[in-house]
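Structure first, then comments.
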Amino acid sequence: RLFEESLGIARASGFADTVSVSLTWLGAHANWRGEFTRAIDTSRQAAAAAREINDGLSELIAGAFVCLSQIGLGQYTEALATIDDGLAKSRERNNSFIAGRLTNTLGWLYQELGDFRRAVEYNREAAEVGRQAKNANVEVSSLINLSLDELNLGDPRKALALMAVFMPATGYSATCTTTVSSVGGAATAVNAAVAGSTVGSPDARNCSSI
C-alpha cells in the first residue's frame, strides 16, 4: 500500500526516479505474493521507467523479477530469454552483482527442470561470481543449490563437503529469504543420504538469490 501511495504521489509530482523505485518494489512484492502476471506487468513498467532516467541498475533488478515471475508461471522459454538479456546487459555494464544473481537463477531453474548437470555448471559459476564480488547472498545461495545438485546426482559426500563451505557463511547471508530454511533442509537431506537412509529426494528448498 505504501509503495502504491508513493507511486501516485511521484507520478503527480513528476518525480521520475521515485516512480521507477516504487514500480520496482511493487513488482517485487507481487512476485513474492505469487501474483506472477501482475508482477511481470509491473516489473516491465519499472524497467521502462528506469530506462527513461538512465538507471541501469534498477532496470536490471526489475528484469530479474520479470524472469522469476515467468518461472512461476511455467513460462520457461520466456524466462530464459529474459535472463539472457539481463546477463548480456549486466556484463556489458560490468555489473557483477546482477550477473551473479541471474546466473544463480539459471542454476535454480535447471535444477527445477531436473537437469542437474547443467544446474551444476551454472551454480558453480554463480558461486564463483558471488565469491569474487564479495556477494555472500549469491555465493551461499548458489552453494546450497550446488550441494542439492550433487545429492540428486548421487554424490552425498560431495554435497556434504560443499555444506562445510557454506554453513559458516549463513550468518551474514540472511538477505535471501529462503537461505536459512534451505540450509536446514539441505543438511537433513545430505546427512540422511550419507548415513544410508532410504530418503529418496532431498527435502530442502532450493534457493534463488533474488
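About its Cα centre, segment 1-133 has a charge dipole of approximately 180 debye under the convention of +1 per Lys or Arg Cβ and -1 per Asp or Glu Cβ, with nothing else charged.
Once you keep just the Cα pairs under 8 angstrom separated by 6 or more residues, what percentage relative contact order results for segment 32-117? Before the final figure, lay out each step's value.
Details: 76 pairs, mean separation 19.7, N = 86.
Taking the mean separation of contacting Cα pairs over the length of segment 32-117, I get 23 percent.
In terms of Cα atoms, the Rg and Dmax of segment 49-91 work out to 10.6, 32 Å. The separation of segment 100-158 from segment 17-40, counted between C-alpha centres, amounts to 26 Å. The distance between label points at residue 5 and residue 165 comes to 4.6 nm (points 7 Å beyond Cα on the Cα→Cβ vector). Length gained on full extension, residue 118 to residue 158, computed as 0.36 nm times the residue gap minus the Cα-Cα distance: 12.7 nm.
Distance between the 7 Å Cα→Cβ label points at residue 133 and residue 81: 2.5 nm.
For residue 73 and residue 17, FRET efficiency with R0 = 25 Å and r from the beta-carbon atoms, rounded to 0.05?
Details: r = 30 Å, r/R0 = 1.19.
About 0.25, to the nearest 0.05.
None of the figures in this text is laboratory data; all of them are computed from the coordinates on show. Predicted, not measured: the structure shown is a model, and the values here were computed from it. Backbone-built Cβ (ideal geometry, glycine too); neighbour counts: all protein chains shown.
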